[in-house]
Each structure stands twice: as C-alpha cells, then as structure tokens.
Amino acid sequence: MQQRPATQEADDEIDLMALLGTLWRGKWIIAGCAALLMLIGGFYVFRVAVPKYQASTTLALELRGENVVDLESVVSGVSTETSAINTELEVIRSSGLLEKLVTDLSLNQDPEFNSALQPTPEFSVGKLKSMIRTAVSPAADVEEPGSRLSPEEAEMNRTVAAVRNAIAASNQRNTYIFQISATTQDEMKSALIANTLARLYIQDQIDVKFQATENAVAWLSERVIELEAELKERENAIKELRSETDLVNAEALQALNQQAKDVRDRLADSRTSAALVNARVANLRALQESDDLAAKAAAVDDPTLDRLVGRAATDSDTRELFEERFALLITREENALQRAEQQVAALEASYARLQEQIEQQSADLVKLQQLERETEATRTLYETFLTRLKETTVQRGLQQADSRVLSKATPGQYVEPRKSRILALCIILGGMIGAGIVLVRQMMHSGFRTPEDLEAATGHAVFGQIPKMPLRRRGSLIDYLNDKPTSAAAEAIRNLRTSVLLSDIDQAPQIIMSTSAVPGEGKTTQSISLSHNLAGLGKKVLLIEGDIRRRTFAEYFDFGASPGGLVTALTEGRPLSELVVRAPGMDVDVLRGEKASINAADLFSSDRFQEFLQELRQAYDYIVIDTPPVLVVPDARVIGQFVDAVIFSVAWDRTSKTQVTEALRQFQSVGIRVHGLVMAQIDPRGMKRYGYGGKYGAYSSYGKGYYDAS
C-alpha cells in the first residue's frame, strides 16, 4: 500500500461538526456537571435560602392647577419632569426618611435588619476579612470602619443600610404613579414597612413645604424691612438734591439752552462786524501813508473830503485840512473797532456763563432723574415683596403633599428564592461548566482515539486496531489466543496480518519488524499475537526477541533452561536449531534475546547480523522481530534497514502526537519506510465513552454477534 501524505494545512476556521461531536462524546460529563449544579442549587433553594415576601404601596403624584395664592414664587411643589420624579424616588430611599422609619417601627430591634442581634455563624466573609486584616497589620494599628461613631450611631447606620437594601421605589412608565416595595422575611412586616414609609414620605413632603414657607416668610420680612429703609433713604436724597440746585425743571433748562443759542448768534454777528471794521481801519492806515488823495477820498466816502480833494492838490492849506480830516476819520473808525471788540468780549463772557449754567443744571437733572428712577424701582420692589409677604403669611398652615396613596400594601407575596429559575440557571451553568471541561480536556489531549486522527497526523495508513486484551498476566496471552480464536482481539490480529501481507502486492513481506515510540505500547504482545496468527496459516514462523536490553519474552513464555539466544547465534556461530525454542501452545519458534557485553546497536549493525537474516529467510516463511522503542534506543532504526516491513504501534489515547511524529521522523531520517501503523491497546469502553463506539464494528452493538465475549 502506498503511504498517504500528511495534511498539514493550517485552518483558522472552527469545525462546528467536530465541536458538536466533541461535546456529544462528553455528554455524560456535561450531564454530570449539570446534575451536580442542580443538586447544589436545590440544596440552596430548599435548605439554605430564606423565603422573602414583597409588599407594595402605590402612590400618585398630584398635578395641581394654579393656586389663587402664587406659591410658585415662594416655594415650588414637585415638578412632573422625569428627573424630578426620579429624584423623589431617591428621596424615598434617603437616609433621613429611613432613619424615621427605623425609629417609628423599632427596626433596630429586629435581627433581620440589625446584624448585631443575629447569631454569630461559625464561618462568614466578615470573619475572613477580619482574620486577613489581623494577619496583615497589628491589631493596634487596625481601625475598624465607623469606629469613630458611637455604638448607637453605628447600630443605626447598619440598620438603615439593611433597610435600604430591602426597600425599592419605581415609577410606572409614562405615568405619575410610583410604587414603594418592601421585601422581608415576613409578609405582614413587608406590608407594614411599605405603608409606614409611604406615610412618612407624604408627611415629609408637608414638613418640607411648611419649613420652606416659614423660611420664605422670614426672608421676605427681612427684605421688606431693608427695602423700606432703602426707599426712605432715596426719597431724602431727592429732596436734598432739589434744595441744593437752582434747577426748577427740564423746561427751564430748555429755555436756558434757547437763550444760549441767541447769545451765540449775536456773538457771531458781532465778530463779523468787528472783522469788517478792522479791515477798513487797516486799509485807511495804509492809505494815510499814500499821496493818492483821490483814493483816500474814495475810501472814506466823506463829503468834506470830496470838496477838499480838488483844491488840496494845488493848495497846501487845503491839503493840510484834507489830511487832518482824513486822520479824524481814521480815529472814528478805530473807536468803532474798539467798541465792536468790547461787544464781542461781552457776548463771549455771557455765552460762557450760560454754558456753565447749562452744564451744571444738566448734571443735576441727570442725577435727579437717576435718583427718581432708583427710587421708583425700590418702591416697586418694596410693594412687590410686601404683597408676596402678605400672600405667603396667609398660606401658613395650608400646605398639602404632592403625593397621595392610591392603594395600601397588603400582606406580601412570595418572591424569592425563585426556585425554578435558580434550578434552571444551575442546570445551564452546570452544562456550561461541563462543556468547558470537555473542551479543555479535548484541547489538552495529545493522544489518538481514532484511526482517522492517526492517519491525518502522520500520513501513514493504519493497518490494524488491536483492542486491549483482558489479561491478568502476560503469561496467559497464548492461552487467551488459543481459547478465544474468534474474540475481537484475535480478529483484529487477523486483520493486521491481512494488511501486512497485502502491503506489498508484488511480494509479501517475509521479515516483519514491530516497534513503537516509547515502552508500554503493546508492541511485544502484538508481535507474539501476529506470529501466532501467521503460524495458523500453516507457515513456518520464527519470533525473534530483538529487545535484548529488557528481554520481556520470559514474562510470556516458560522457556526453562535456555540453550542460548540471539547474541549467541551472532557471536558464537552455533547452529540455529540448537538455539531456537518452540513456544508452548503455538507452532512458532522463538529466538530469545540475551544480555550482551557489546552495544546492541553495534551488534545489529554488523555484517554478521545481515548474514544471519539471510540464513533465516532460507529457513522460515515469516520472521517477526520485536524491537525496542524508537525514542529510547537506536536499535529499531538499525534493524529496520534489513527488514521487509515495519509496523509501528501507537497506544490508544496515550501516546502523544509529538512522540509519534518524532519517532516517524527518526525513521525517515535514515531512509526507512514505515509500512503501516497499529492502534494498540484500544479500550472498548473508552471508545464508547468518547462516542466512537458506533463508528467501528468491533466496538459497536452491531459487531457483537461476530465475536466471542472477551
């Protein structure tokens, strides 16, 4: 038969069918874990867990219309926003309200909520923590949580924490209705706690509103007094300002502005006139130095000069009169210029005074108007706060809660432990744990359970599957084979014989070597059984004990006094007929192994060993050689070079893949072909336990009729 190549392709995908098959093969482990967890859950549910009962009180949030008295400005009620409703749910479970509940119902005297009143268990998590803290730190350095509190405060805190764990508050979706639930060990206690907490919550709403109203009245009273004093102060400031200023009103300031405008216009006209006079005076002074009498007369437009200008050119006296008259006219113009400049100065001074008065009175008017506005604002605030104070004072004692009880709690209903759910979860958890164990075992498993796995891992054909024989001692092997020729083991040996003889179609192997990777894999039992089966064909068979180091044939055969063995045949040259022994109970000659003074590998590597095998080929039809394990000593690789077929035994579900692969690699390294593998020492019960029994005839129910009971 041709050797099949090994499949070494890496596959990252999960084989779902293989996974399901693994789980199915481990179904009893999964079922056992599920049953165990179910028993533990049942013990907890029926023997350990304490029954709990839950009672609920239903409250409704009141949606009020606008009050006649606008309390919204003083103290707001509960908003209908989701966040506000959730806040109220937290208020129900607040420490302050729960302390009132504990005090009202004396829950600190109830062992269910006060752990100090409970009997001390032999073992608890608290004791374990205390032991750990004591071991880590000296007792003097360890400060217990809450040690700074008084015993009463510590007891109250513990009780409140326990009560909070027993209280639940929830809001019904899209409604203004919420429930207060209490879960305790007694149905009547649950109802009492729920109803009492609802009553305390409603009363707390009223108390909060009343206190808020009182705080609002006190605050408004203080503000009214402060605003009244501030109003009087501002009114006095207005009076004082009016007495200190000349400002009558805004109309008077407007008239003053009009007067300033008139003065400004006159001032502009005066400045224009003064400029004209000044220009005329300058022109006349320039002409005074000139001899042009006609120009001078034309410049002043004076009748006297006009009469004198004609004679002044020829008459010196007339000219003198002309000059005197012209100088007089210049003096008059200079006097007119002086008067114009004085008028401009007077108007400028008057305008400056008016501007100063306007600025002063404008500032006073602005200040007055600011004071009047502030006074008016203060008066408005004063009147508003005074009105609110009166309204809030009237509201005293009229507070109502924003919630009301829709339905009181009745005796509680049983809620825990939920037996069916716990048992179901335990079964599921147990199944998951069992599946995990099965998968982990499968991942950690390194042996072979099926011939398919062995062929896939090695690339070699499996010639046979040999079940474990029910032998109490090795010496009973021959008797078992003779007494049960149709047992599953005997038939498996026949199948192996057939596979070996047909492994080479042209010529059946004559020398057959049996080996394994490590000791204890059944190769010797297999060698003896194969020899026994070959002898049943009427052939002449020789069985050689090639493992001369351990020499285990003595445990299978009673040889008595031995004339010699394999080492003697190789070293002393004695005839083979003197050394072989006929095995008791079967027609097989046996050549025992002997202790050698030389190394076994050197002995088998000698030319004499090759010659010896050639001699045996002439004397026997089949020679079966039992050799040592490959991974222990090199003997098998030396002998394998001279044989016709190599049979490699692999112990079922024990020999690791690494050992098998390495052993085959060592054969390949020296060019030895392993013709076939044998899966030995198969446990039929184990095959069925792992779910493989139905796939292989020798180990399935439909194959029982073909074999004798083992």
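The values are calculated or read from the model by the stated rules, or taken from the named source; none is laboratory data. Just so it is clear, the model here is predicted, and its values are computed rather than measured. FYI the Cβ positions are ideal-geometry reconstructions off the backbone, even for glycines, and counts take in every protein chain you see. Surface areas here come from the heavy atoms of the whole protein model, side chains and all, with no ligands, DNA or RNA. Shrake-Rupley method; radii C 1.70, N 1.55, O 1.52, S 1.80 Å.
The table that follows gives values for the structure above.
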item: Per-residue SASA entry for SER316, accessible area with 1.4 Å probe, Å² rounded to 10; result: 80 Å²
item: Estimated dipole of segment 311-402 in Debye, rounded to 20 [Cβ of Lys and Arg +1, of Asp and Glu -1, Cα centre]; result: 680 debye
item: In segment 427-528, the trypsin sites (Lys or Arg not before Pro) that fall in loop regions by DSSP, at most 16 other Cβ within 10 Å; result: ARG472, ARG473
item: Pair GLN211, LEU39: separation of 7 Å Cα→Cβ label points (nm); result: 5.9 nm
item: Dipole moment magnitude, nearest 20 debye, the chain about Cα centre, only Lys, Arg, Asp, Glu C-beta charged; result: 5800 debye
item: Cross-link reach list, aspartates and glutamates versus LYS390, counting only Cα pairs under 12 Å and skipping chain neighbours closer than eight places; result: ASP70
item: Inter-label distance, nm, simple model (7 Å from Cα along the C-beta direction), GLN109/ASN482; result: 9.4 nm
item: Dipole magnitude of segment 586-686 about its Cα centre (Cβ charges: Lys, Arg +1; Asp, Glu -1), debye to nearest 20; result: 480 debye
item: Separation between Cα centres of segment 182-201 and segment 373-452, rounded to whole Å; result: 18 Å
item: Packing-based order for 618-628, 264-274, using average beta carbon neighbours within 10 Å, highest first; result: 618-628, 264-274
item: Mean accessible surface per residue for the chain, computed with a 1.4 Å probe while every protein chain stays in place, in Å²; result: 57 Å²
item: Within the chain, helix-based [θ] at 222 nm, where runs of 4 or more DSSP H residues each add -39,500 (n - 2.57), nearest 500; result: -18500 deg cm²/dmol
item: Euclidean distance between Cα centres, segment 216-235 to segment 244-283, Å; result: 51 Å
item: Positive-end residue of ALA166, ALA456, LEU579, charge dipole of the chain with Cβ unit charges; result: LEU579
item: For ASP683, distant residues with modelled amide H under 5 Å away; result: LYS468
item: Within the chain, longest stretch clear of exposed GluC sites (Glu not before Pro) (DSSP loop, no more than 11 other Cβ within 10 Å); result: 290-571
item: Relative contact order %, segment 506-594, counting alpha carbon pairs below 8 Å whose residues are six or more apart; result: 32 percent
item: Gain in span if fully extended, ALA294 to LEU576, counting 0.36 nm per residue against the direct Cα distance; result: 82.9 nm
item: VAL50 accessible area, 1.4 Å probe, all protein chains in place, Å² to nearest 10; result: 70 Å²
item: Average silhouette area of segment 482-554, convex hull of alpha-carbon atoms, in square nanometres; result: 5.9 nm²
item: Accessible surface of the chain, 1.4 Å probe, proportion on carbon and sulfur as whole %; result: 52 percent
item: Selection of chymotrypsin sites (Phe, Trp or Tyr not before Pro), segment 508-597, meeting DSSP coil and at most 16 other Cβ within 10 Å; result: PHE559
